[in-house]
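Worksheet: one structure, shown below.
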Amino acid sequence: MPASQRLTPMFRQYHAIKRNYPDAILLFRMGDFYEMFYEDAEQASRLLELTLTARGKGTDHLVPMCGFPYHQLDAYTARLVAAGRKVAVCEQLEDPRQAKSLVHRDVVRVVTPGTLTDPEQLEAKRNVWIASLAAVAGRLGAALLDLSTGEFLAWEAEGAPWEALLEHLEPFAPREIVHPDDLSWPEALVEARLVGATLTALDGRAFALPEAGERLARQFGVHSLDGFGLRGRPGAVAAAGGLLGYLQQTQKCALEHLDRIVLHEPEQYVLLDPATRRNLEIERSAREGTRAGSLLDIVDQTQTAAGGRLLRQWLGQPLRDLEAIRRRLDAVEELVRREPLRAALRQVLQGVRDIERLTARAVTGTAHARDLLALRASLAQLPELRQRASQALAPALAEAAAALDPCADLHDLLARALADSPPAALREGGVIRDGYHEELDQLRALRRDGRAFLASLEAREREATGIANLKVRFNKVFGYYIEVSKSNLRLVPPHYQRKQTIAGGERYITPELKQHESRILHAQERIAELEYELFLEVRRRVAEAAGRLKAAARLAAELDVYAGLAELAAAQGYARPQLDTSYALEIEGGRHPVVEQARRRDRFVPNDTQLDGRGKAIMILTGPNMGGKSTYLRQVGLIVLLAHCGSFVPAESARIGVVDRMFCRVGASDALAEGQSTFMVEMCETAHILHHATPRSLVLLDEIGRGTATFDGLSIAWAVVEYLHGRPGGPPRTLFASHYHELTELAVELPQVANFRMAVRETGGRVVFLHKVEPGSADRSYGIHVARLAGVPEPVIRRAREILANLERDEYGRDGLPRRARRARQLPAAQPTLFGNEDGGERTDPLAAEILAELRQQDPDRLTPLEALEKLALWKRRLDQGGTP
């Protein structure tokens, strides 16, 4: 920093403020611009693509600088935050015209990745979470908060704290995580699991008890936190209190919309690990990584931003409580049946803007007149929304209608106070409606009368002087004046005071004109000042009602979600699922909700599922590539997920015993950043499933073991099925898709394993995939056929068929050469085996299968050599004669 004696007063002020925010880019308000200096300017000019200039050129104090107009604050702040920077907004806290010396300035808020609240800069249907972590006496706690909506959650781990913490934190995808600077955590684990979150270390004293708890109690206006379920949860209290302190420090306002905290209890929800969320493509498609093609994209029929966010939460946290699920289903069912009511609700909801985020803007002091105008328009819809919903009989709908506060007093305030078309900038005037405030009306009348006075004065002076073209005018330099042309200067009366000579004549003032000018300018100045004061008062009253507005917004969002799910069910022919405490998984005519919509021109082939944790609990699904195995697995998973969310499902009927966890291992991916191959990722995810699956879980496994050598992969897949089958308490309901046809033999050995296959029809050398699941096992994968469909050159296809035929006979020929190297035209065919055809290929007729089954049932340790030879001779005679001798 330059020596203080070489700095101007403004720069001394700048440095004094900047010292308090060393890690933030300081936006320093100067008139109509926000300026940045020194390193801040150099960074911002690159990030915002602004021209980098300098102040103090030609002096010893050359300062890099850049800036932008004040009305672009939100947009540029969002860009800086998106680039990972914190932004400190420094405002002028007094009118420069009234300042006796240097204008007083200070930071009014700090914007970080987790504290953006501008609706224009946020994804409307997605929460922006900021999280905090704290540990007290070995108890690890976390808190989550969306400043743009006021949602506040707390949680405390029990056992395996870091694994549990990350598993429950990941679905929220926090943008920023604050923590004590002395918190000890497994950095490798955290960095791998919370990619993209900005980590902010704070002084550990911010999380200290009991101060953290007292801070929360003061915020919520209570004497004890027991009512929020935080009794005996010191880690959760420390994390929440520390996060609240951070927000109070950065936002520098009362945060009235943070009026309650909810204890997040993961055991209330079906647990979905990150791999399952990714593989089921709940929020983002696996291929593009975007919302398009995801389950959320298909089922989201909500009309409001808050409804969209709530639906996302429902999909991310499916319920386990049967009563709560049935309550949701009752609401959806009634709206499915009552189409006029559903249509009326959706029509009203179209006019409801984002009440939660608009309220948060008012609370944080960033709401403009147009924000409050949008809030006014939204509140205008609530009375009709309440009236329509009150016609419903389902408890969830009726209770929402009864509890919905239309906030009529706030709507009345905004209707009386705000003009219908306010400007974007608050200080431009025209924000407050005529008739709202008596003094403002009087000042506006004076301004209007002033214009009439000028017209009257001009007419009187023309008549009195005889100057027909005399004009009364105004400009910002000279104010009001009388202009007379050169040809009429001889007629100017003595009391006119010459002000300026111009090319065409002279400009004059009179005492009467100056007196009027003073009154008009004072009125204009006072109007701007008073309008701003009145707007701030209106915004403050909105902020004070934040709790009521949040509650109304939440109820409107619930009605929106119910109506949207009903619209989806009615349009797509979804059915109400039956959930109970059994271990059943019975789906008739199930469909994949996303694939069905993506292929509207082609009829989607529905499939049934019949599993029971106390009967046939594990399905081994074999079949060809492109046969639909992966789609079927995901389809079952999504149907179960939707049912637990309280949604109708794409099926003719469904009976589902409530699940505690869902696991989905489908597809292949590398984790190159962590040095993990596809197979390593597959094994890590498989290990997670085997450690955590319970008899109440749903497990979806596709192609386990394919990432390594065939025998290794088959061995692992086989052992995985045996392990799941032998779980204490019974196996989880499991769908296991595989190309290892040998796994079908497990159905003979394990009583709770059943074989199913994807049906295929072969006609005239062509293969038709029927995409139908049927009992039985497949004996071929049709990989070469798929390769041909993909356009692999015909010579490669022919050679692959030849190699496949050789491999299917045996791995080595009688000449000792590996068959994969043999060509049929070069070497003689192999001799037939016991179960072989004349060309060396394996027999697949029923008689061979029957004898092979008998062979598998023999115990070599109990057979004498003579008995073994007799059986072998018997089987040989039956094969030669084509039947039993």
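The values are calculated or read from the model by the stated rules, or taken from the named source; none is laboratory data. If you're wondering where the values come from, they're calculated on a predicted model, not measured in any experiment. Here the Cβ is made from the backbone with ideal geometry for all residues, glycine too, and neighbour counts use every protein chain on show. Keep in mind that these areas ignore ligands, DNA and RNA; they rest on the heavy atoms of the full protein, side chains included. Shrake-Rupley method; radii C 1.70, N 1.55, O 1.52, S 1.80 Å.
Contact map, the stretch 622-641: first residue over 16 Å from I656 (Cβ atoms), second residue part of a helix (DSSP H, G or I) and β-branched (V, I, T), Cβ cut-off under 8 Å, separation 6 or more or different chains; pairs are T622/T744; P624/V786; N625/V786; M626/V786; T631/V595.
Taking into account only those residues within the stretch 335-347 that are touching a residue at least 60 places away in the same chain (Cβ under 8 Å) and open to solvent by 10 Å² or more (accessible area, probe 1.4 Å), which is farthest from H168 (Cα to Cα)? Give the steps one after another, and end with the answer.
So in the stretch 335-347, the residues touching a residue at least 60 places away in the same chain (Cβ under 8 Å) come out as 335-336, 339, 342, 345-346.
After this cut, where a residue has to be open to solvent by 10 Å² or more (accessible area, probe 1.4 Å) as well, the list is 336, 339, 342, 346.
Numbers: V336: 33, E339: 38, R342: 35, R346: 33 Å.
The qualifying residue farthest from H168 (Cα to Cα) is E339.
Based on this model, can you work out whether A400 counts as of a type in the set (A, V, I, L, M), part of a helix (DSSP H, G or I) and more than 30 Å from Q72 (Cα to Cα)? Before the answer, list the steps.
Numbers: of a type in the set (A, V, I, L, M): yes; part of a helix (DSSP H, G or I): yes; more than 30 Å from Q72 (Cα to Cα): yes.
Spelling it out, A400 is indeed of a type in the set (A, V, I, L, M), part of a helix (DSSP H, G or I) and more than 30 Å from Q72 (Cα to Cα).
Here V237 fulfils each of the conditions (1) of a type outside the set (S, T, N, Q); (2) open to solvent by less than 50 Å² (accessible area, probe 1.4 Å); (3) modelled with pLDDT under 95 apart from (3).
Residue check: is P732 in contact (Cβ under 8 Å) with a residue 24 or more places away in the chain and either on the phi > 0 side of the Ramachandran plot or touching a helix residue (DSSP H, G or I) at 6+ places or on another chain (Cβ under 9 Å) (or both)? Spell out how you get there, then give the answer.
Working: in contact (Cβ under 8 Å) with a residue 24 or more places away in the chain: yes; either on the phi > 0 side of the Ramachandran plot or touching a helix residue (DSSP H, G or I) at 6+ places or on another chain (Cβ under 9 Å) (or both): yes.
The answer is yes for P732.
Do you know which of the residues in the stretch 393-438 that are acidic (D, E) and touching a helix residue (DSSP H, G or I) at 6+ places or on another chain (Cβ under 7 Å) is surrounded by the fewest Cβ atoms within 10 Å (Cβ to Cβ)? Ranking the qualifying residues of the stretch 393-438, first place goes to D434. In the stretch 1-110, counting only strands (runs of 3 or more DSSP E) that sit wholly within it, the ones holding 1 or more residues that are open to solvent by 40 Å² or more (accessible area, probe 1.4 Å) span 24-30, 33-37, 53-55, 86-92. Residues in the stretch 216-233 that are open to solvent by 40 Å² or more (accessible area, probe 1.4 Å), under 18 Å from W155 (Cα atoms) and either touching a Cys at 6+ places or on another chain (Cβ under 9 Å) or not in a loop (DSSP other than H, G, I, E, B) (or both): 3 in all.
Out of R614, R603, R554, R548, report the one residue that is over 30 Å from T694 (Cα atoms) and over 26 Å from the mean Cα position of the chain (by Cα). Steps first, answer last, please.
Details: R614 fails: over 30 Å from T694 (Cα atoms); R554 fails: over 26 Å from the mean Cα position of the chain (by Cα); R548 fails: over 26 Å from the mean Cα position of the chain (by Cα).
Step by step, each of R614, R603, R554, R548 is checked, and only R603 is over 30 Å from T694 (Cα atoms) and over 26 Å from the mean Cα position of the chain (by Cα).
Remark: pairs (first residue in the stretch 710-729, over 12 Å from L690 (Cβ atoms); second residue open to solvent by 50 Å² or more (accessible area, probe 1.4 Å) and charged (D, E, K, R); Cβ separation under 8 Å; 6+ apart in sequence or on different chains) = G713/R706; L714/E742; W718/E742.
Could you tell me which residue of the stretch 716-764 is nearest to L585 (Cα to Cα), considering only residues that are assigned to a strand (DSSP E or B) and of a type outside the set (A, V, I, L, M, F, W, C)? If you could, list the steps in order and put the result at the bottom.
Quick first cut of the stretch 716-764, residues assigned to a strand (DSSP E or B) only: 733-737, 753-763.
Those still in the list that are of a type outside the set (A, V, I, L, M, F, W, C) too: 733-734, 755, 757, 761-763.
Values: R733: 8, T734: 10, N755: 16, R757: 18, R761: 28, E762: 32, T763: 35 Å.
Ranking the candidates gives R733 first.
For W155, indicate whether it is buried (at least 19 other Cβ atoms within 10 Å of the Cβ) and more than 14 Å from the chain's Cα centre (by Cα). Yes. In the stretch 627-651, of all residues being open to solvent by 10 Å² or more (accessible area, probe 1.4 Å) and of a type outside the set (A, V, I, L, M, F, W, C), the one that is modelled with the highest pLDDT corresponds to R634. Could you tell me whether any residue of the stretch 765-782 is open to solvent by 30 Å² or more (accessible area, probe 1.4 Å), in a helix (DSSP H, G or I), over 18 Å from Q610 (Cβ atoms) and of a type outside the set (F, W, Y)? Checking the stretch 765-782: not a single residue is open to solvent by 30 Å² or more (accessible area, probe 1.4 Å), in a helix (DSSP H, G or I), over 18 Å from Q610 (Cβ atoms) and of a type outside the set (F, W, Y). Filtering the stretch 689-707 to residues that are in contact with a Gly (Cβ under 8 Å, 6 or more places away or on another chain) and crowded, with 19+ Cβ neighbours inside 10 Å leaves R696, L698, L700, D702, I704, G705. Can you pull out the residues in the stretch 283-305 that are under 13 Å from G564 (Cβ atoms), open to solvent by less than 40 Å² (accessible area, probe 1.4 Å) and touching a residue at least 60 places away in the same chain (Cβ under 8 Å)? Within the stretch 283-305, I298, V299, D300, T302, T304, A305 qualify. Tell me the residue from A292, A331, A306 that is within 22 Å of the chain's Cα centre (by Cα) and farther than 25 Å from G365 by Cα, please. Of the residues listed, the single one that is within 22 Å of the chain's Cα centre (by Cα) and farther than 25 Å from G365 by Cα is A292. Can you name the residue in the stretch 313-328 that is charged (D, E, K, R) and either surrounded by fewer than 21 Cβ atoms within 10 Å (Cβ to Cβ) or at pLDDT below 95 (or both) and is also nearest to the chain's Cα centre (by Cα) among such residues? This residue is R320. I'm checking my understanding of the structure. Among residues of the stretch 446-459 that are at pLDDT 85 or above and either among the hydrophobic types (A, V, I, L, M, F, W, C) or not in a helix (DSSP H, G or I) (or both), which one is least open to solvent (accessible area, probe 1.4 Å)? Only one residue tops the list, namely L457. In the stretch 253-279, the residues that are farther than 24 Å from T149 by Cβ reach residues that are open to solvent by 20 Å² or more (accessible area, probe 1.4 Å) and not charged (D, E, K, R) with C-beta atoms within less than 7 angstrom, at least six apart or across chains, in these pairs: D273/H688; R278/A286; N279/G667.
Can you name every one of the strands (runs of 3 or more DSSP E) wholly within the stretch 464-541 that holds 3 or more residues which are over 30 Å from L358 (Cβ atoms) and open to solvent by less than 30 Å² (accessible area, probe 1.4 Å)? Talk me through it step by step, then tell me what you get.
Values: elements: 471-475, 479-485, 497-502, 505-509.
The strands (runs of 3 or more DSSP E) meeting that bar are 479-485, 505-509.
The numbered conditions (1) in contact with a Pro (Cβ under 6 Å, 6 or more places away or on another chain); (2) in a loop (DSSP other than H, G, I, E, B) are all true for R357 except (2).
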